[in-house]
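> Dumping the structure here so I can ask a few things about it.
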Amino acid sequence: MEASRTTNLAFEATPAAERPTTDDRARTLVTPPGPIENYALLADLRTAALVGLDGSIDWLCLPRFDSSCCFARILGDDSSGHWRIGPSGAVSEIRRRYRGDSLVLETEFDTPEGTVRLIDTMTPEVADTDDAPEVLRIVEGVRGTVEVEHSWVVRFAYGHAVPWVRRAGGGILAVAGPEAVLLRGDVLPERVPGERAHRGRVIVRAGERYTWTMQWVASPDRLPPPLSPVDAVAATERFWTQWSSQIRYDGPHAETVRRSLLTLKALTYAPSGGIVAAPTTSLPETPGGERNWDYRFCWLRDATYTLIALDAFGLSAEAAAWRNWLLYAVAGDAADTQIMYGIGGERHLVEWEADWLPGYHGAQPVRIGNGAYRQLQLDVYGEVMDALHVARQRGLEPDANAWALQRGLMAHLTRIWQQPDKGLWEIRGPERYFTHSRVMVWVAFDRAVRAVTDFGLDGPVEQWAALRDAVHAEVLEQGWNDTVGAFTQSYGGTELDAATLLLPAVGFLPGDDPRVLSTLDAVARELKHGDLVERYRTGAERGNDGLKGQEGAFIICSFWFVNALALAGRRAEAEAMFGRLVARTNDVGLLAEEVQTGTGAFLGNFPQAFSHLGLAGSAALLYGASR
């Protein structure tokens, strides 16, 4: 990613079909959200906001990532809640960037009359988690004179509840039941009669500055004290700059690699240490389709990959915190281990549908919660065991409880390892013997054996070694298909799966093994579109995951392909492909879950931790990290 990129956006050229209409219920102008790749991330280590190129915050949950939202325009339209600050007239050019290695976003709008700069951020609250989450917004006049429009439409309960709005605390207080936010600023928008919205305009001249803050209110009877937005922005920039100074990487594409690591940190919920897979729900994997999921939770799989990635770049303290979260998350009876948890360790993530929201450009349903928490996915045992093994290898300070917990997990795995499961892709069809899951069962037993042989820990090593060898032989016999010439998605099947590219990465087979090379070639033929790799074939003609629709290419799978190339000895191809994938980040270095082949449009929840883990992991494999 370069320091900034330029985007041309002429608001006056909006097609007639997309121009604002009138919503009879709220009598508010209705415009659809922009492309997913047009959004940037704001975060405070408790929750996150998405702000579009037009200066509109279209998604914000308060006070936590998994709370209900007060701005849901990205899943509906203007009437679903948003906060826009930007020029009221035509815009000829937009330039956007983060300030260095921080989450302070600057957006410059060029208009025929002049240029204004919008500065957006959220203040990280690490020490005192009782402080109110807050969004800071500043407009600065750069050139000429620009009329700036301010639109503030609050809708609580995922766009369902219209708040009671009144003046209080030197600002505008919006309240609906237990939810409340307080807007303060130099010039406050006025309520528009009949619109259930607040709007205003301010003339911004070169050298002038206007500021606003919006704070979450725990109780309308105890309003948070006002703060200086300018000072808070400076403190926020210092926080992120200090954190990112720990990153040890000076290889190619350093700015984008660092941005990926910053994004992983930004998706962390500081009070517990958990990382959300993404800060959004129901951004579709299929345009207009049903492949819509809530990713505002913590997957064990993501946690293990994060631990390894952060430590690879010198962030050992962060990696240790991740290990502690893992131990905390899976504590208790190993038989009760889940694949995912709430950000505070919650176990019940009941899935339901917000049927009043139309969804992103009509993609329904909008899901809240995630029923996959009840699935059996055997691969997580291998991922947890591997991550804790890597932690020991790299000299992370030992934890006295880690091995006891691992032994409990292995005791449970020895009882259930022969069962079919749902696989890492969380198939909503029948359980199967997924090849990747079986390989990760092998990883679990292998790392348990190595904990004893390499580190002198105690355990039934003969039993684990026998099971390890049995699973290895099983995968070679039943996961390999001679006719297809590849390891297939599941035993006895013919479908391919990009997850089989991970076999050399976890040490199951060497990268230059003929079967690995043949699988790499088969994936290239069947699942690869340019540099974009599908995780498996979907759609009416090949779909076997219990869902309808053709999804896009899964971004992390492209990075897995890069890694497989490198491990196969095809380093030049791997480096070239990695460079092209890096160029697919948006203008501020962010990635969604998927990319639509053909158009290059982002699909799925955004920004996606898995995608940024893939980017960072490939950089570490190809170029290493400074230590």
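> Looking only at segment 335-375, how many residues end up being within 20 Å of Ser67 (Cβ to Cβ), part of a loop (DSSP other than H, G, I, E, B) and free of Cβ contacts under 8 Å to residues at least 40 places away in the same chain?
Matching residues across segment 335-375 total 5.
> Report the residue count in segment 587-609 for those that are among the hydrophobic types (A, V, I, L, M, F, W, C) and either modelled with pLDDT under 95 or more than 13 Å from the chain's Cα centre (by Cα) (or both). I'd like the intermediate steps shown before the answer.
Filtering segment 587-609 for residues among the hydrophobic types (A, V, I, L, M, F, W, C) gives 588, 590-592, 595, 601-603, 606, 609.
Remaining after also requiring either modelled with pLDDT under 95 or more than 13 Å from the chain's Cα centre (by Cα) (or both): 588, 595, 601.
Residues meeting the conditions: 3.
> Take the conditions more than 30 Å from the chain's Cα centre (by Cα) and either surrounded by fewer than 17 Cβ atoms within 10 Å (Cβ to Cβ) or of a type outside the set (A, V, I, L, M, F, W, C) (or both) and apply them to Thr145. Does it pass?
Details: more than 30 Å from the chain's Cα centre (by Cα): yes; either surrounded by fewer than 17 Cβ atoms within 10 Å (Cβ to Cβ) or of a type outside the set (A, V, I, L, M, F, W, C) (or both): yes.
Yes, satisfied.
> Just to check your reading of the model, which residue among Pro252, Pro271, Pro287 is at pLDDT below 95, outside any helix (DSSP H, G or I) and either of a type in the set (A, V, I, L, M, F, W, C) or farther than 30 Å from Thr337 by Cα (or both)?
From the options Pro252, Pro271, Pro287, the qualifying one is Pro287.
> If you check every pair at least six apart or on different chains, which have Cβ atoms under 7 Å apart with a residue in segment 563-587 that is under 21 Å from Ala601 (Cβ atoms) first and a residue that is surrounded by fewer than 18 Cβ atoms within 10 Å (Cβ to Cβ) and among the basic types (Lys, Arg) second?
Every condition considered, the pairs that remain are Asp587/Arg5.
> For Gly371, indicate whether it is surrounded by fewer than 17 Cβ atoms within 10 Å (Cβ to Cβ) and out of contact with any strand residue (DSSP E or B) (no Cβ under 6 Å at 6 or more places or on another chain).
yes
> Residues in segment 510-526 that are closer than 15 Å to Gly485 by Cβ and either assigned to a loop (DSSP other than H, G, I, E, B) or among the aromatic types (Phe, Trp, Tyr) (or both): how many?
Looking only at segment 510-526, we keep the residues that are closer than 15 Å to Gly485 by Cβ, and these are 513-526.
Cutting the leftovers down to either assigned to a loop (DSSP other than H, G, I, E, B) or among the aromatic types (Phe, Trp, Tyr) (or both) gives us 513.
Total satisfying the criteria: 1.
> Still on this structure, please answer the following. For a quick check of your reading: which helices (runs of 4 or more DSSP H) sit entirely within segment 397-485 and have at least 3 residues that are surrounded by 13 or more Cβ atoms within 10 Å (Cβ to Cβ) and under 32 Å from the mean Cα position of the chain (by Cα)?
Correct list: 402-416, 435-455.
> Could you tell me whether Val187 is surrounded by fewer than 17 Cβ atoms within 10 Å (Cβ to Cβ), closer than 26 Å to Asp231 by Cβ and among the β-branched types (Val, Ile, Thr)?
Taking the combined requirement at face value, the residue satisfies it.
> Turning to a different aspect of this structure: Considering every residue within segment 272-295, establish whether at least one is β-branched (Val, Ile, Thr), surrounded by fewer than 24 Cβ atoms within 10 Å (Cβ to Cβ), out of contact with any helix residue (DSSP H, G or I) (no Cβ under 9 Å at 6 or more places or on another chain) and in contact (Cβ under 8 Å) with a residue 60 or more places away in the chain.
Among the residues of segment 272-295, at least one is β-branched (Val, Ile, Thr), surrounded by fewer than 24 Cβ atoms within 10 Å (Cβ to Cβ), out of contact with any helix residue (DSSP H, G or I) (no Cβ under 9 Å at 6 or more places or on another chain) and in contact (Cβ under 8 Å) with a residue 60 or more places away in the chain, which makes the answer yes.
> Name every residue in segment 486-509 that is touching a residue at least 24 places away in the same chain (Cβ under 8 Å) and farther than 17 Å from Arg537 by Cα, in order of residue number.
Once the filter is applied, which keeps residues that are touching a residue at least 24 places away in the same chain (Cβ under 8 Å) and farther than 17 Å from Arg537 by Cα, segment 486-509 yields Leu502, Leu503, Pro504, Ala505, Val506, Gly507, Phe508.
> Kindly provide the set of residues from segment 204-234 that are closer than 15 Å to Val139 by Cα, of a type outside the set (S, T, N, Q) and assigned to a loop (DSSP other than H, G, I, E, B), ordered by number.
Selection gives Ala206, Gly207, Glu208.
> Failed condition for Gln550, given (1) modelled with pLDDT under 95; (2) touching a Gly at 6+ places or on another chain (Cβ under 6 Å); (3) buried (at least 21 other Cβ atoms within 10 Å of the Cβ), with all others met?
Going through the list (1) modelled with pLDDT under 95; (2) touching a Gly at 6+ places or on another chain (Cβ under 6 Å); (3) buried (at least 21 other Cβ atoms within 10 Å of the Cβ), Gln550 breaks only (3).
> Determine whether Ala168 is touching a Phe, Trp or Tyr at 6+ places or on another chain (Cβ under 6 Å) and within 19 Å of Asp221 (Cα to Cα).
no
The values are calculated or read from the model by the stated rules, or taken from the named source; none is laboratory data. Predicted, not measured: the structure shown is a model, and the values here were computed from it. Note that each Cβ is placed from the backbone with ideal geometry, even for glycine, and that neighbours are counted across all protein chains shown.
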